[in-house]
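The values are calculated or read from the model by the stated rules, or taken from the named source; none is laboratory data. All of these numbers come straight from a predicted model, not from anything done at the bench. Counting neighbours? That spans all protein chains shown, and the Cβs are built from the backbone with ideal geometry, glycine included. Ligands, DNA and RNA are stripped out before the accessible areas are found, and what is left, the full protein with its side chains, is counted by its heavy atoms. Shrake-Rupley method; radii C 1.70, N 1.55, O 1.52, S 1.80 Å.
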Amino acid sequence: MLEALADRPLPLRKSAWRDLLDGARRIELWPRLGWQEVKHRYQRTALGPFWSVISLAVFVVTIGAVGAGLWKQDLDTYLPYLTAGMVAWTMISTTLTEACAVFITSAGLLRSAQCDFSLLAYALVWRNLLVLLHHLSVCLLLMLVLAPHLLTPATLLLIPSLILLAVNGVWLTLLLGMACLRFRDIQQLVASIMQIAMFVTPIFWPIDQLAGGRLLVVHLNPLYHCVEIARAPMLGTVPTQANYIVVIALAIVGWLVTICVFGRYRDRIPYWS
């Protein structure tokens with residue numbers, strides 16, 4: 001499948017905008033790349049991608065049983081909260097960690113073929129969206145069994161929320177991909193940060209467990225807002241205005257920085273690999 005990236009030779013020197021636009025236009029290619037990678041990961045398994053669904057279901061049920069008692073929460077309330085948070089967090093954290101290696105793992109392709117590098121970013125984000133759609137089945141099942149009242153018209157806000165996350169995911173993939181390709185230590189740094197961030201972001205614990213100045217730590221955490229714009233619709237509520245403002249601001253600032261960096265260092269990507 002990757003050989004198709006080189007089916008139309010392109011000049012190496014290309015602006016960041018041209019690369020991004022040309023890559024986005026190849027709608028026949030990057031969705032297939034993302035799906036092929038999902039299939040490759042679960043090749044020769046009986047259940048395929050649904051292994052990740054089973055793993056998530058076992059995880060949230062086990063942790064949910066413990067967490068409900070730990071945080072003194074009703075299981076019917078805490079379990080959907082935990083599941084929705086884990087679905088959103090898994091998509092975000094996996095995108096970030098895989099972004100660090102997006103160009104490293106494609107080094108052979110980058111050296112041998114002239115292609116739109118943005119294709120790899122689009123494929124990676126699309127791949128993780130596909131996995132998220134599989135995980136949503138766990139969330140939907142729990143809602144139907146434990147809390148069907150959480151399925152409201154606000155649930156439809158999940159669609160624009162996922163679009164916002166995907167828009168942020170593409171620029172993060174390009175920026176982290178270039179940074180980690182040039183400085184390999186950044187990959188380990190990001191992995192360590194994400195391990196810590198998982199516990200300081202309100203995923204396992206409800207945000208109302210904090211009060212006063214401690215809440216400021218949560219609201220200053222951009223990962224919280226990224227999780228919340230997806231988790232709130234899953235729980236039948238509308239994300240706050242602050243959630244949307246932070247995520248949209250991240251997209252605007254992130255894309256401005258990425259276009260500048262990508263435009264300046266795009267031609268060096270094959271040499272760094």
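Annotations
- Near pairs, Cβ below 7 angstrom, 6+ apart or cross-chain, from the range 97-108 (among the small types (Gly, Ala, Ser)) to any residue that is assigned to a helix (DSSP H, G or I): 99/124; 99/172; 99/173; 99/176; 99/177; 101/180; 101/187; 106/120
- The sole residue among 191, 230, 179, 249 that is surrounded by 11 or more Cβ atoms within 10 Å (Cβ to Cβ), under 20 Å from residue 81 (Cα atoms) and small (Gly, Ala, Ser) is 230.
Per-residue answers, yes or no, for (1) touching a helix residue (DSSP H, G or I) at 6+ places or on another chain (Cβ under 7 Å); (2) over 23 Å from residue 63 (Cα atoms):
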residue: 86; (1), (2): yes, no
residue: 89; (1), (2): yes, no
residue: 94; (1), (2): yes, no
residue: 98; (1), (2): yes, yes
residue: 102; (1), (2): yes, yes
residue: 109; (1), (2): yes, yes
residue: 120; (1), (2): no, yes
residue: 126; (1), (2): yes, yes
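- Odd one out for residue 143 among (1) at pLDDT 90 or above; (2) buried (at least 17 other Cβ atoms within 10 Å of the Cβ): (1)
- In the range 208-222, residue modelled with the highest pLDDT [restricted to those that are open to solvent by 30 Å² or more (accessible area, probe 1.4 Å) and under 19 Å from residue 92 (Cα atoms)]: 222
- If the condition is being assigned to a helix (DSSP H, G or I), modelled with pLDDT under 85 and either open to solvent by 80 Å² or more (accessible area, probe 1.4 Å) or among the aromatic types (Phe, Trp, Tyr) (or both), then the range 42-73 contributes 50, 51, 70.
- Answer residue from the range 12-30, given it is in contact (Cβ under 8 Å) with a residue 12 or more places away in the chain and surrounded by fewer than 16 Cβ atoms within 10 Å (Cβ to Cβ) and is nearest to residue 166 (Cα to Cα) among those: 24
- Tally, over the range 210-269, of residues that are under 18 Å from residue 154 (Cα atoms), outside any helix (DSSP H, G or I) and not hydrophobic (A, V, I, L, M, F, W, C): 4
- Test: residue in the range 116-127 that is of a type in the set (Lys, Arg), outside any loop (DSSP other than H, G, I, E, B), farther than 22 Å from residue 271 by Cβ and at pLDDT below 95: yes
- Residue 128 being open to solvent by less than 50 Å² (accessible area, probe 1.4 Å), in contact with an Asp or Glu (Cβ under 9 Å, 6 or more places away or on another chain) and not hydrophobic (A, V, I, L, M, F, W, C): yes
- For residue 266: the one exception among (1) under 21 Å from the mean Cα position of the chain (by Cα); (2) buried (at least 16 other Cβ atoms within 10 Å of the Cβ): (1)
- Test for residue 78: is it in a helix (DSSP H, G or I), aromatic (Phe, Trp, Tyr) and under 27 Å from residue 168 (Cα atoms): no
- Flag if residue 200 is buried (at least 21 other Cβ atoms within 10 Å of the Cβ), in contact (Cβ under 8 Å) with a residue 12 or more places away in the chain and of a type outside the set (D, E, K, R): no
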